Structures are given as C-alpha cells and as structure tokens.
Amino acid sequence: MTGVDGPGDRYVVGVDYGTMSGRALVVRVGDGAELGTAVHEYRHGVIESSLPGTSVPLPPDWALQDPEDYRDVLRQAVPAAVAAAGIDPTRVIGIATDFTACTVLPTLADGTPLCEVPELRNRPHAWVKLWKHHAGQPHADRINALARERGEPWLGRYGGKISAEWQFAKGLQLLDEDPETYRRAERFVEAADWIVWQLCGVETRNICTAGYKGIRQDGRYPSREFLAALDPGFADFVAKLDGPLLPMGARAGALTAQAAAWTGLPEGIAVAAGNVDAHVTAASAQALAPGHLVAIMGTSTCHVVNGAELAEVPGMCGVVEGGLSPGAWGYEAGQSGVGDIFGWFVEHAAPAGVDSHERLSALAAAQPVGGHGLIALDWWNGNRSLLVNHDLSGLVVGLTLATRPADVYRALLEATAYGTRMIIEAFVEAGVPIRELVVAGGLAGNRLLMQIYSDVTNRPLSLIGSAQGPALGSAIHAAVAAGAYPDVYAASAAMGRVDRDVYRPDPERARAYEALYAEYRSLHDHFGRGGNDVMSRLRAIRNAAVDRSAAPATTPLEVVA
C-alpha cells in the first residue's frame, strides 16, 4: 500500500482494537482506498493467570487487559500507518476507533482507570474485563431469573437472556466480590468509549454499546427498583454507566494536543463516537440494507444484520434501534469461540507433522462430507447464541481408534458452521429475513472453511473486499464525523467494498450436510436445553477443585473471588 497525494485528497484513520493487538489504517476519503496500515501487539495480551508484576492469582474464566496497551496502539500503530501510507499527515481530517465488546473498565470521574490508582493495582476487579471474561455467569443467571420473575419488558429484546459478557453481569460481579472497588468506580465504561475519551478529552457513550451491552432500550436502562432488587448496593449502577449518548458516525469531539502528540495527527481533527468491531464492519462491507447479514469471523464470530422492523429473536445478543446505522433495527448474535477453537486444536491436540492449519485443512478438504463419522459442539468458549450460557463446553461424538487429527479438525470447522446456521434460522423464524450472507475477518481466507459454510447453510457467501473490515469501517465513520459525507449510508457506498457470491453451495454436499446438521441440533438441544446438564456440573467441579488448590488470599488487596 502506497499513498500518492492528489490535489485536495483528504484522509481518515481507523483504529481497530482486537483481542491481542490494535491496528491502524489510513484511508482516502474520496474512494476508500487503503493506503497504509500498522499493527501493535498488546504488551500484556490477555491477562488470565495472574496480574502483571504480582503473584495475585486469577480464578477460572477470568480475562483481563491493561488499558495502557490501548494507549500504546495510538502511540505506535497510528504514526506507523501514516508513515506507511506516505501521506501528508496534515491532510488527515478525522479518526475513529472500534473495540471488542463487551470490554469494560472501572474508572474515576476523570477517566483514570482504577488499575492505575496505586492502592488498587493489586485488585483484579480494578482492571479491564475483556469480552471473553466469563466468570460472571452466576451473576448473569441472577439477572435473568429476576428479570423473568418481574416480567421486565427489555428481556425479550435480548433473546430472553442477558449474557455473562455484558456490562450488568460484570458490574454485579464487581459489587459482589469487591465492594470497595465498586464504590471507588465513579464510571463503568466500555473501552470503546474510554479510548474516545482519551482521544478528545470528552466523556461520551455510543448507542451501539449502550444498547447491546448496557441493556438500554426505548431511552432507558433497567430501573433503579430492578437493580436494588438484585442487590441494594447495585441501585446506583446506571449512574456509573450513563453519559452523553451519541449515534453512529457522530462527532464526539476534537483531537486533543496530548492525543495529537501520541498519534502525529493534527490537533483539532474530528474524533468519531466509539463503536464495536463487528458492528462497524457492516459499513465497510456495504451491508447496511436490511437482510444483509455480516459474519465477522476471527477468534469468535459476531453476526450483525439490519432489519426494517422490530422483532424479538430467541437467543439473540440484542436488537437496538440505530445500533448499526440510523433508521434501522440492528440485530446481533454471535459465537464465543470459532478461530480460538481451531487454534486450540492445532496448538494443543494436533501431533507433530500435522500441527498447522494449512496441513490440516489440506487433509480435511480431501474427505467426503460425513467421512470422518464425527459431530462436534462448538462450545469451547461457551455458547453466546442461541443458548447464552458460558458454562457450556465442547464435545466431539464418534471418536474411534481410526479417527485421525484431520477428522477432528474438519468436525470442528463444521461445528462452527452448524452454529451459524442455527443463528440464521432463528432470525428467519422470528421474521427477520436474511437475503445475503457476507463474511469478514481473518478466517475468510480459509477456502475450506468458507466452502463448508456455504454448503452447510446452503447459501452463497459474499466476502468483504477488504482485509481490514473493522478498521475500514471505523475510517468510514471518521469520514462522516468529519463532515465529508452526510451519513454512514453515503460513506459506506463510496468507501466500502464487497465481492458478491464468491462461494456457492454444492447441491450434493448441501444434501449430505442436512443429516449431519440434524444430529448437531439434537446434541445442541440435549446438552444445551436441559436434557443433560453434565457440562455445567463438570464446570462447577473444576472450579471447586481449582479454588481448593489455590493459595488463600493473605491481605484484603488480594481477595479475588
């Protein structure tokens, strides 16, 4: 990618915050050309075993991050991307960011993360809770049970269950397990909004994360009475969440002198409202029209689609008015583990000689559909949709002494495709039509996986025309915030790109998958809908064993559970 400045060319920067790294992308406003990119790996990555620089252990299912890693992306990746683009940085007119979600952190009133307050640094609950922090499942269960008991009207907008990943479960866990840190938290803010705060010095909230992750519906959060019924100390939680609310593509403020020094960009340029990595990708894939479902496939998969009408879809992550773009109902579903599952198998289960995705994919591609005799359940990281239960775990049925690594690998690929088909069918059955399936994300490059998805769903697959879908989507929103386009729809049409129907289902393979999908559904319902709760029982036994073996906390600062 090289940049050649033309007369009057203007540029925007999109910054995509992922699970392990952040990426900056420089984009030309006029046509969406991607001119330069750079990646910065988080120094601390995902914090899962103990806090950095301490011996404070973390219990099972915890996943934390260090907010300083996010600032480092601005200091490192943005200047590097501008340099790679070869452009005059004074022609950059806006910057926008997207983030994994729900990734949330407690802060002081001025935005200082609690983990950066010296006396709180050894408290795990003072740190960023990453999207895949699933230790709040019991707290999500309490929220769901009380909401059903009280007949809370917002519950149906989330498919009947609030996820352990979302703000309220994580906030309730904070209160229950570390009430002192909860009291110190003057704000409980999505990282998507916190990084915007860092850029422009203004505290804002975006309607996307407020709706999907913060249970904000019809202009309101859950009532104080509901929260007090969960725990009297939780009654004030909305005050920590709430803030000036902005629609997608809105200008949050101007780049501060400090952020300009970090990034090398001009002080005063537009900073767009925060957004979610998956949701912002719909703009870059030119998929904002109703019925164009985008599956953003990476470590996990998020499915987003606009609908013209409001419907309640069982097992969905949420439906939010304007959640993807103004004037439409944005729907979200997802799978908590996809690429992570394939990576787990290659790293921990595949023997030497076949321990690569390339080799396993080549061997698996030579098999006929059903030739391995296996069915897997894709719950290595719990189930986000349709079951909304992160205590569920993975399963492979049909193993024999003749089973080989490529057999299991293909079964895992297929399991994630079955999970996506379940989600598509749930949308359609609830009255949300799906007219096109568009794939974005790093897994779109696996030809075997894409063909399996086309065959399993019996639908053509379109591919986003960019390898940097979220970053391009953020750049599109930056252009709107800077006033270069009147709205996200116009910017998407000019700057986004998609390749239609790249993969088409093979009729014979699609028919063969019907029988296998029926078996997947049977196992899905048996283990996920009450036929046998062995997975949850095993999780409880494991957690109890880990708790017994862990060293007891010795000071109040080291209480972690």
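The values are calculated or read from the model by the stated rules, or taken from the named source; none is laboratory data. Nothing here was measured: the structure is a model prediction, and the numbers come from that model. Because the Cβ atoms are built from the backbone with ideal geometry, glycine has one as well, and the counts that use them run over all protein chains shown. We work out accessible area using only protein heavy atoms, side chains counted, and drop any ligands, DNA or RNA first. Shrake-Rupley method; radii C 1.70, N 1.55, O 1.52, S 1.80 Å.
Against the 2.2 N^0.38 Å scaling, with N counting residues, where does the stretch 401-487 land? I'd like the Cα-based Rg ratio to two decimal places.
Computed over Cα atoms of the stretch 401-487, the ratio equals 1.44.
According to the Kirkwood expression over distinct Cα-Cα pairs, how big is the hydrodynamic radius of the stretch 107-199, in Å?
14.2
Would the stretch 407-454 count as rounded, prolate or oblate if I go by the C-alpha gyration tensor, calling it rounded below 1.5 in a/c and otherwise prolate when a/b exceeds b/c, oblate otherwise?
Oblate, since a/c reaches 1.5 and b/c is not below a/b.
How many angstrom lie between the Cα centre of the stretch 510-548 and the Cα centre of the stretch 46-90?
Their Cα centres are 35 Å away from one another.
Quick one: the Cα spread of the stretch 442-561 along its three principal axes, in angstroms, biggest first?
58, 49, 24
Pull out the extension gain between Ala544 and Asp88, defined as 0.36 nm times the separation in residues minus the alpha carbon to alpha carbon distance; nm, one decimal.
Extra length available between Ala544 and Asp88 comes to 158.4 nm.
Could you look at the chain and say what percent of its accessible area is carbon and sulfur, using a 1.4 Å probe and all protein chains?
Looking at the chain in its full context, I get 52 percent from C and S.
What number comes out for accessible area per residue over the stretch 105-243 if the probe is 1.4 Å? Units Å², please.
30
If Lys and Arg each add +1 and Asp and Glu each add -1, what is the summed charge of the other residues whose beta carbon sits under 13 Å from the beta carbon of Ala273?
-2
As a test of understanding, state the convex hull volume per residue of the stretch 176-236 from its alpha carbons, in Å³.
In the stretch 176-236, the Cα hull volume divided by residue count equals 104 Å³.
Return the loop-located trypsin sites (Lys or Arg not before Pro) in the stretch 115-179 (DSSP other than H, G, I, E, B) with at most 11 other Cβ atoms within 10 Å of their own Cβ; answer none if there are none.
Here no loop site has a sparse enough neighbourhood.
Over the Cα atoms of the stretch 443-488, what Rg and Dmax result, in angstrom?
Considering the stretch 443-488 through its Cα atoms, Rg and Dmax are 15.3, 43 Å.
Please work out the FRET efficiency for the pair Ala467 and Asp487, using the Cβ-Cβ distance as r and a Förster radius of 25 Å; give the result to the nearest 0.05.
0.45
How many nm separate the modelled label positions at Arg359 and His44, each set 7 Å beyond the Cα in the direction of the Cβ?
With each label placed 7 Å out from Cα toward Cβ, I get 3.6 nm.
Once Rh for the chain is found with the Kirkwood sum over Cα pairs, what is the Stokes-Einstein diffusion coefficient at 10 °C and 1.306 mPa s, in µm²/s?
Reported coefficient: 67 µm²/s.
Starting from the residue with the highest accessible area, list Leu310, Leu114, Leu516 in decreasing order, probe 1.4 Å.
Putting Leu310, Leu114, Leu516 in descending order of accessible area: Leu310, Leu516, Leu114.
Calculate, in nm to one decimal, what Ser522 and Glu347 gain on full extension: separation in residues at 0.36 nm each, minus their alpha carbon distance.
Stretched out fully, the Ser522 to Glu347 stretch lengthens by 60.1 nm.
Suppose we keep just the alpha-carbon trace of the stretch 318-456; what are its Rg and Dmax in angstrom?
16.4, 56
Between Asp236 and Glu508, what is the FRET efficiency for a Förster distance of 45 Å, r being their Cβ-Cβ separation, to the nearest 0.05?
Once the sixth-power term is evaluated, E becomes 0.15.
Find how many whole Å separate the alpha carbon centroid of the stretch 140-190 from the alpha carbon centroid of the stretch 462-476.
Distance between centres, Cα-based: 32 Å.
Give me the distance in nm between label points sitting 7 Å out from Cα along the Cα-to-Cβ direction at Glu321 and Arg224, one decimal.
Output for this residue pair reads 2.4 nm.
Need the full-extension length gain, Thr403 to Val117, defined as separation in residues times 0.36 nm minus the C-alpha distance. One decimal, nm.
Length gained, Thr403 through Val117: 97.7 nm.
Run a plain Debye calculation on the stretch 206-299 (Cα atoms as equal point scatterers, no solvent) and give log10 I(q)/I(0) at q = 0.17, 0.21 Å⁻¹, rounded to two decimals, same order as the q list.
Rounded to two decimals, the profile gives -0.94, -1.06.
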